[in-house]
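Derivation of every value follows stated rules applied to the coordinates shown; laboratory data play no part. Treat the numbers as computed from the prediction; the structure is a model and nothing was measured. Because the Cβ atoms are built from the backbone with ideal geometry, glycine has one as well, and the counts that use them run over all protein chains shown.
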Amino acid sequence: AARPAAPARPGTPAVAAPPVTDASSSPAVVLEFDTGARIALPGAGILIGRDPSPAPGDNGLTLVPIEDPTKSISKTHLALLRTGGAIIAVDRASTNGSALIREGAEHSLPPGQGVTVRSGDTLLLGDRRALIRIG
């Protein structure tokens, strides 16, 4: 499948994001899960998973545990980051993978490579879906 956006620059850690110093200038970002849960993207970003834990370089990321009785979501599945005004999704080498649905087309997220997301995109995390709303 075609990639929806260029990956992070080679040699640049896809998971490292500078902290946002003025949150009021950043657009509001909300994930709306198929379970009805809504998660706002704070500060530098979030780590999503059944029981997410940060890796080196994940400073400032908020840990967001997701209920998943079927265990289709990995312990630390995906990072959603604010980087240079963009919102970047990074699969964290999850067992069942992640994908992005944009304009009806599904695109796999290569592990460790950042993909810019847009409002109206849907993230697939194992058996869960999350609609992205920006603005």
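For segment 39-134, the extents of the C-alpha atoms along the principal axes are 34, 32, 23 Å, listed from largest to smallest.
With +1 on each Lys and Arg Cβ and -1 on each Asp and Glu Cβ, how big is the dipole of segment 39-134 about its Cα centre, in debye rounded to the nearest 20?
100
Along the charge dipole of segment 39-134, Cβ charges K/R +1 and D/E -1, which of A89, N59, T70 sits furthest on the positive end? Highest projection toward the positive end goes to N59.
Can you give me the relative contact order of segment 86-135 as a percent, contacts being Cα pairs under 8 Å and 6 or more apart? Dividing the mean separation by the residue count of segment 86-135 yields 36 percent.
Compared with the alpha-carbon gap, the fully stretched path from I134 to A55 is longer by 25.8 nm at 0.36 nm per residue.
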